[in-house]
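Worksheet: one structure, shown below.
Since every read-out is calculated from the coordinates, none of them should be taken as a lab result. Everything quoted here is computed from the prediction, not taken from an experiment. All Cβ positions, even for glycine, are placed from backbone atoms using ideal geometry, and neighbour counts span all protein chains on display.
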Amino acid sequence: MLDEVKKSNTHELKPAINTNIQTIMSKVLVGKYATLEEAQAAQVSIKANNSNLSPYVKKIGEIYAVQTGSYQDFNVAKVQAQNLKSKGYEVWIYQQ
């Protein structure tokens, strides 16, 4: 009878699978503009000087910025940010 109790209390442990895994993206942004028009002018300038980028205007809170890339690897985002900073842009990284 003791063997039956031991068997009935034995639970097979299964690995937990988290299906809610979220990836944090590092977004490389240029400038902090008060108006959409200012951000759009910066977008045109950035595209003209960096043909390999596809920048677009992004509103974050009450400001506008020009996003030049979004990366899973923060180190890749830092390299991109340094590249733009070396060209004279005001660059920052926003994680979301």
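A few comments on the model shown:
- Of all residues in the range 68-96, those that are of a type in the set (Ser, Thr, Tyr) and assigned to a helix (DSSP H, G or I) total 1.
- Qualifying residues in the range 61-96 (those that are of a type in the set (Val, Ile, Thr) and surrounded by fewer than 19 Cβ atoms within 10 Å (Cβ to Cβ)) - the one nearest to Ala41 (Cα to Cα): Ile63
- Beta carbons closer than 9 Å, at least 6 apart along the sequence or on distinct chains, pair a first residue in the range 43-72 that is in contact (Cβ under 8 Å) with a residue 40 or more places away in the chain and within 15 Å of Asn83 (Cα to Cα) with a second that is part of a strand (DSSP E or B) and of a type in the set (Phe, Trp, Tyr) for Gln67/Tyr56; Gln67/Tyr94; Thr68/Tyr56.
- A single entry from Val57, Val28 fulfils the requirement of being touching a Gly at 6+ places or on another chain (Cβ under 6 Å), surrounded by 14 or more Cβ atoms within 10 Å (Cβ to Cβ) and not in a helix (DSSP H, G or I): Val28.
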